[in-house]
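Below is one structure, written out as structure tokens, with a few remarks after it.
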Amino acid sequence: MESMDVQKVTVRVPATSANCGPGFDCLGLACSLYNVFTFERIPQGIEVSGVGEGAEILPLGRHNLAVSSFYALWEKYQGKETGIRVTSVIHVPVSRGLGSSSTAVVAGLMAANAMLGSPLTKKELVTEATLIEGHPDNVAPAILGGITINIMADDKVKSLRFLPACPLGMIVLVPALHVSTEEARKVLPKEIPHKDAVYSASRAAMLVGSLITGHFENLPEALEDKLHTPYRLPLIPGASEALKGARDAGAYNAVISGSGSTLMAYVPEEKDRSRIAEALAAPFRKLGIACTLHQVSIDTEGAVVSLAEEAERF
């Protein structure tokens, strides 16, 4: 994909889970749940369509994030004027804390980059995506795969990607509850006690160290948090009970994914995942709140671009 002759590409982008407990706005991981977008250049106009979860409420025209992100890069690099047709297959729940908007941003940028002859590396695309999305903790793992540590330095994102030393399973619970990122940000205090900052900083460091070295016995404590979790739990009825239930059923621990409402349990490979999944779901079912469960692993590739004729492998 080195020329401007590319007319059609397909981009597969993984769901992401930001924060990972104590890593507020700086840690994120990619998981094996995907949205797939196909971009085709057309003479003029914008066409948007999709199938899957939330496809019926997809914004049209430039209000569509995949479209606006495509043009953000296309026009920046002075590509020839073009129309675009975008079709999507959506598996990542919308507005549930699994990076659904990031998949659209990343897909648009990756597609434009490919059609422009790939002027940017994946790491450079992380900064472009952050300029649109606002925070790197979802877009970085969506692009790079694995687990990422992300910082802002001189208006650019620096991301360190790594994989756990040992296999790590995850159970994702998606309740039928909508928690907007804006609402989840509003409940956070402007200031926190110094001891709470130390609490979360130490656990974020322990989390990364334990994952890299394979000392997963530290994860029950390392996934704890006082920066955002205590303030967001009341927005998700049943969440406190669900997190405790997952721990009691054998998970290392469980956290709010992103800003919620999704919860994610980190699970030992040898444990009975069905028991942990049921423990996660039980408090919501007791409240009459429908929920969906997914067993996922860490995605290692990040966003992948293929020529349209290769896209069947997705």
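Checked against (1) surrounded by 19 or more Cβ atoms within 10 Å (Cβ to Cβ); (2) touching a residue at least 40 places away in the same chain (Cβ under 8 Å); (3) within 24 Å of Gly52 (Cβ to Cβ), Leu168 passes all but condition (3).
Only one of the listed residues (Ala184, Ala246, Ala277, Ala204) is at pLDDT 95 or above and closer than 23 Å to Thr148 by Cα. That residue is Ala204. Across the range 131-181, the qualifying residues are those that are modelled with pLDDT under 95 and assigned to a helix (DSSP H, G or I), and the one among them that is farthest from Gly108 (Cα to Cα) is Thr181.
Regarding Ser257, is this residue among the polar types (S, T, N, Q) and surrounded by fewer than 22 Cβ atoms within 10 Å (Cβ to Cβ)?
Working: among the polar types (S, T, N, Q): yes; surrounded by fewer than 22 Cβ atoms within 10 Å (Cβ to Cβ): no.
Spelling it out, it is not the case that Ser257 is among the polar types (S, T, N, Q) and surrounded by fewer than 22 Cβ atoms within 10 Å (Cβ to Cβ).
Note on the range 25-58: residues that are open to solvent by 50 Å² or more (accessible area, probe 1.4 Å) and in contact with a helix residue (DSSP H, G or I) (Cβ under 7 Å, 6 or more places away or on another chain) total 1.
Within the range 178-234, the set of residues being of a type in the set (Gly, Ala, Ser), at negative phi and surrounded by fewer than 18 Cβ atoms within 10 Å (Cβ to Cβ) comprises Ser180, Ala197, Ala201, Ser202, Ala205, Gly209.
The values are calculated or read from the model by the stated rules, or taken from the named source; none is laboratory data. What you are looking at is a predicted structure, and each value in this text was computed from that prediction instead of being measured. Glycine also receives a Cβ, built like all others from the backbone with ideal geometry; neighbour counts cover every protein chain displayed. For accessibility, only protein heavy atoms count, side chains too; no ligands or nucleic acids. Shrake-Rupley method; radii C 1.70, N 1.55, O 1.52, S 1.80 Å.
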